[in-house]
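The values are calculated or read from the model by the stated rules, or taken from the named source; none is laboratory data. Bear in mind that the values here come from a model prediction, so they are computed numbers and not experimental data. A quick note on method: Cβ atoms are made from the backbone with ideal geometry, for glycine too, and the neighbour counts reach across all protein chains shown.
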């Protein structure tokens, strides 16, 4: 279990260092996550310790939305004043996300090699 936590903290630390010295515009945790995913792809799997820690973290993801909710309440007057623009932006982004996801799935899905043949008339 400790080894799983060490792996997560190690990759986050590497990401922070890379963010500080190499990629200053990218957040360190994002770089660390990309490096961790690359490491897991190279190893072709997740070890039991890392899986246990990840499962433990995922139980508390809801707590990460509390500061965002407080921020929404804090800026409620501005949100009411710009409600139409916000709703339009949300609708456009939802449509674009669905369309992009559909194109990616279509591109990455296996292609069928055989075409159905038309029935022959006697």
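Of all residues in the range 18-29, which are exposed (fewer than 13 other Cβ atoms within 10 Å of the Cβ) and assigned to a helix (DSSP H, G or I)?
Across the range 18-29, the qualifying residues are 20, 21.
From the list 18, 68, 83, pick out the single residue that is at pLDDT 90 or above and either out of contact with any helix residue (DSSP H, G or I) (no Cβ under 9 Å at 6 or more places or on another chain) or over 30 Å from residue 3 (Cα atoms) (or both).
83
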